[in-house]
Amino acid sequence: MVFNFKLLNAGDTAWVLIAAALVLFMTPGLALFYGGMVRAKHVLGMLMQNFFSMGLISILWAVVGYSLAFGGTGKFIGNFEFAGLKDVATMFPMDPKGTVFFGALTIPPLVFMAYQMMFAVITPALITGAIADRMRFSAWVWFLGLWSILVYSPVAHWVFSPAGWLFHWGALDFAGGTVVHINAGIAALVLVVMLGKRTGWPQRPMPPHSLPLTMLGTGILWFGWFGFNAGSALHADGLAAQAFVNTNLAAAAAMLSWLAIERLHGGHATTLGAASGAVAGLVAITPCAGFVGGLAPILIGAIAGVACFFGIMLKNRFGFDDSLDVIGVHLVGGIVGSLLLGLFADKSVNAAGANGLFFGGGGALFGKQTVAVLATLVFSGVLTFVIAKVLDMVLTGGLRVSEEDEEAGLDLTQHSEVGYSLQNQ
Amino acid sequence: MKQVVAIIKPFKLDDVKAAVQELGVQGLTITEVQGYGRQRGHTEVYRGAEYTIDFVPKVKLEVVCEDSEAEGIALKIIDAARTGKIGDGKVWVTSVDSIWRIRTGEAGPDAL
């Protein structure tokens, strides 16, 4: 579908360009968020796994990723019509819903492609927190690229492309609760189980080496998340404003609820708790941001803060070393947000959405949300297992560093550098 | 000659330094160290996971002096470093066989 440049709206275009930059900034934010939580000898390894995604995924997205996510009108995966960015300067994908989605856009197709590129960059980066301190860098490189093409692009097609089966069916996901958070969360769980625990976990203490870095990263994530959620309106309009406000309220409420429950659980109000709560709220509001209004984001955030607080305890109960709580925060938060949308969605906020159970829409939307969650869990879980299994067999040295290298630290053994040269490790 | 060694709470360093200077001590060396005694360590909590940190940060202070000065310096340090709470540290005195000043080659008490 050729874009009619007479429809171009400068305000919309400016906003989505800025939003794309904000979303890109989230990846270094995430790197610091995680980097502060690992031990000093692994800090560069963590930063590098995240930063590398900005390199590899940007290229892959231009070569095939965007086309597999948005090309064609297939239900389950795109095609190669936009491979190598062919025609993307002037063409949007065909819109099987008529003019509702791509037909209504007022930004150049390249802006849309670039905005989506940043989502593709950060999604696999989320996984790095779960597998901290023990994956070989070269194994991560292979996993990152294959996962992006084989898992991220198809799921993005299902949910973000009007041709995708979930989008077409009416399951809602404003900015990536399923595509980003559940997708990365379940992949993290599978990879954690396959890689095994960090040597010494949970007996040996592995406290964060720099919570100030983590707090800075949280601030960058929160800031960038306005681009993630409000940018997903794809217009500089009232809906973007609604998503912006919802994003902030949910993060705020989740931070407060996490701290409250942490205190009630007999502890102190911790900075790591504040950071974790804020991110949990941001995750949960992501699918809901442009479909709910009023005080719903406060409720969604508050519920997410409590749910994720208990979510991070799962690893102790079941004995999987989700090192920095990607499953507890992103998987649990993503599921909570995606399902709560089935209750709180309000068509008066967004006519393109639906009414949830609390707004007279009955249980239909909740059912669709449940199916969307389950489909993402199964598809991403199985494909992640296959990719990791094949890589473990094919790559010399497998997925995991040797115990000796793990002890010496990823910084020195994977990158020949150290994060802090004056520090005793 | 003697060496007076003290392990003290880091925030008491300024008080101890001033007290020792009052006695006319010409030089002292400090090191940031970690350790535990009866105080043991402390507990840190990250996302609900409790970690016991055994080693507490302390400052180690060393002074070399004449035999006759050692006890006075030790008592002065004890006085300045005491808070009365657990974890105040220790002071001990050891013998020093020989000492030289590197610049001039002076030996014995002249090198102090």
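The values are calculated or read from the model by the stated rules, or taken from the named source; none is laboratory data. Just so it is clear, the model here is predicted, and its values are computed rather than measured. All Cβ positions, glycine included, derive from the backbone under ideal geometry; neighbour counts span all protein chains shown.
Does region A:2-10 contain at least one residue that is in contact (Cβ under 8 Å) with a residue 60 or more places away in the chain and either more than 17 Å from residue A:91 (Cα to Cα) or touching a Gly at 6+ places or on another chain (Cβ under 8 Å) (or both)? Walk me through how you get there before you give the answer.
Taking region A:2-10 as the starting set, the residues that turn out to be in contact (Cβ under 8 Å) with a residue 60 or more places away in the chain are A:2-3, A:5, A:7-9.
Add one more test, that the residue is either more than 17 Å from residue A:91 (Cα to Cα) or touching a Gly at 6+ places or on another chain (Cβ under 8 Å) (or both), and what stays is none.
No, because not a single residue in region A:2-10 is in contact (Cβ under 8 Å) with a residue 60 or more places away in the chain and either more than 17 Å from residue A:91 (Cα to Cα) or touching a Gly at 6+ places or on another chain (Cβ under 8 Å) (or both).
Step by step: first the residues of region A:337-370, then only those that are of a type in the set (Gly, Ala, Ser) and buried (at least 17 other Cβ atoms within 10 Å of the Cβ), then the one that is farthest from residue A:239 (Cα to Cα). Which residue is that?
In the first step, residues of region A:337-370 are kept if they are of a type in the set (Gly, Ala, Ser); the result is A:337-338, A:342, A:345, A:348, A:351-354, A:356, A:360-364, A:367.
The next check asks that each one be buried (at least 17 other Cβ atoms within 10 Å of the Cβ); those that pass are A:337-338, A:342, A:345, A:353-354, A:356, A:361.
Values: A:337: 18, A:338: 19, A:342: 19, A:345: 14, A:353: 12, A:354: 15, A:356: 18, A:361: 21 Å.
Of everything passing the filter in region A:337-370, A:361 is farthest from residue A:239 (Cα to Cα).
Of the residues B:74, B:49, which is over 13 Å from the mean Cα position of the chain (by Cα), at negative phi and hydrophobic (A, V, I, L, M, F, W, C)?
Details: B:74 fails: over 13 Å from the mean Cα position of the chain (by Cα).
On inspection, the qualifying residue turns out to be B:49.
So is residue A:402 of a type in the set (Ser, Thr, Tyr) and at pLDDT below 95 or not?
Numbers: of a type in the set (Ser, Thr, Tyr): yes; at pLDDT below 95: no.
No, not satisfied.
Please indicate, with yes or no, whether at least one residue in region A:131-144 is over 30 Å from residue A:42 (Cβ atoms) and either part of a helix (DSSP H, G or I) or free of Cβ contacts under 8 Å to residues at least 40 places away in the same chain (or both).
Looking through region A:131-144, none of the residues is over 30 Å from residue A:42 (Cβ atoms) and either part of a helix (DSSP H, G or I) or free of Cβ contacts under 8 Å to residues at least 40 places away in the same chain (or both).
Starting from region A:195-216, take each residue that is within 27 Å of residue A:387 (Cβ to Cβ) and at pLDDT 95 or above and list its partners that are in a loop (DSSP other than H, G, I, E, B) and among the charged types (D, E, K, R), counting only C-beta distances under 8 angstrom and pairs at least six apart or across chains.
So the pair list comes out as A:195/A:134; A:196/A:134; A:196/A:321; A:197/A:321; A:198/A:133; A:198/A:134; A:198/A:321; A:199/A:134.
When you go through A:88, A:43, A:64, A:111 one by one, which is the residue that is under 30 Å from residue A:208 (Cβ atoms) and modelled with pLDDT of 95 or more? Before the answer, list the steps.
Working: A:88 fails: under 30 Å from residue A:208 (Cβ atoms); A:64 fails: under 30 Å from residue A:208 (Cβ atoms); A:111 fails: under 30 Å from residue A:208 (Cβ atoms).
None of the others qualify; the one that does is A:43.
Just wondering, is there one or more residues in region A:357-368 that are within 30 Å of residue A:50 (Cβ to Cβ), more than 14 Å from chain B (Cβ to nearest Cβ) and either assigned to a helix (DSSP H, G or I) or in contact (Cβ under 8 Å) with a residue 12 or more places away in the chain (or both)?
So the first thing to find is which residues in region A:357-368 are within 30 Å of residue A:50 (Cβ to Cβ), and the list is none.
Checked region A:357-368: no residue is within 30 Å of residue A:50 (Cβ to Cβ), more than 14 Å from chain B (Cβ to nearest Cβ) and either assigned to a helix (DSSP H, G or I) or in contact (Cβ under 8 Å) with a residue 12 or more places away in the chain (or both).
What tally of residues in region B:20-53 results from selecting those that are within 14 Å of chain A (Cβ to nearest Cβ) and either surrounded by 13 or more Cβ atoms within 10 Å (Cβ to Cβ) or not charged (D, E, K, R) (or both)? Step through it out loud before you land on a result.
Going through region B:20-53, the residues within 14 Å of chain A (Cβ to nearest Cβ) turn out to be B:31-34, B:41-53.
Right, trim to either surrounded by 13 or more Cβ atoms within 10 Å (Cβ to Cβ) or not charged (D, E, K, R) (or both) and you get B:31, B:33-34, B:41-49, B:51-53.
Number of matching residues: 15.
Okay, residues lined up against (1) within 14 Å of another protein chain (Cβ to nearest Cβ); (2) surrounded by fewer than 20 Cβ atoms within 10 Å (Cβ to Cβ); (3) within 24 Å of residue A:289 (Cα to Cα):
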position	(1), (2), (3)
A:202	yes, yes, no
A:207	yes, yes, no
A:215	yes, yes, yes
A:219	no, yes, yes
A:223	no, yes, yes
A:237	no, yes, yes
A:242	no, no, yes
A:247	no, no, yes
A:252	no, yes, yes
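Which pairs turn up if I take residues in region A:371-398 that are surrounded by fewer than 16 Cβ atoms within 10 Å (Cβ to Cβ) and look for partners that are among the basic types (Lys, Arg) with beta carbon separation below 7 Å, at least 6 apart in sequence or on another chain?
Close Cβ pairs (under 7 Å, with a partner that is among the basic types (Lys, Arg)) amount to A:397/A:136.
Quick check on region B:77-92: of everything there that is over 17 Å from residue B:34 (Cα atoms) and surrounded by fewer than 19 Cβ atoms within 10 Å (Cβ to Cβ), which residue is modelled with the lowest pLDDT?
B:85
Just to be sure I understand, how many residues within region A:263-306 are surrounded by fewer than 24 Cβ atoms within 10 Å (Cβ to Cβ), of a type outside the set (Gly, Ala, Ser) and at pLDDT 95 or above?
8
List every residue pair whose Cβ atoms sit under 7 Å apart, with the two residues 6 or more apart in sequence or on different chains, where the first one lies in region A:280-291 and is within 17 Å of residue A:259 (Cβ to Cβ) and the second, anywhere, is hydroxyl-bearing (Ser, Thr, Tyr).
Pairs that qualify, where the first residue is within 17 Å of residue A:259 (Cβ to Cβ) and the partner is hydroxyl-bearing (Ser, Thr, Tyr), are A:282/A:247.
Checking residue A:418 against (1) at pLDDT 95 or above; (2) surrounded by 15 or more Cβ atoms within 10 Å (Cβ to Cβ), which single condition isn't satisfied?
Tallying (1) at pLDDT 95 or above; (2) surrounded by 15 or more Cβ atoms within 10 Å (Cβ to Cβ), residue A:418 fails exactly one: (1).
How many residues are part of a loop (DSSP other than H, G, I, E, B) and either crowded, with 24+ Cβ neighbours inside 10 Å or polar (S, T, N, Q) (or both) when one looks only at region A:164-186?
Of the residues in region A:164-186, the ones part of a loop (DSSP other than H, G, I, E, B) are A:164, A:170-176.
Filter once more, so that each one left must be either crowded, with 24+ Cβ neighbours inside 10 Å or polar (S, T, N, Q) (or both): A:164, A:171-176.
Count: 7.
For region A:256-326, list the helices (runs of 4 or more DSSP H) that sit wholly inside it and hold at least 3 residues that are away from chain B (no Cβ under 11 Å) and in contact with a Ser or Thr (Cβ under 7 Å, 6 or more places away or on another chain); which are they?
Working: elements: A:271-285, A:296-311, A:314-318.
Output list reads A:271-285, A:296-311.
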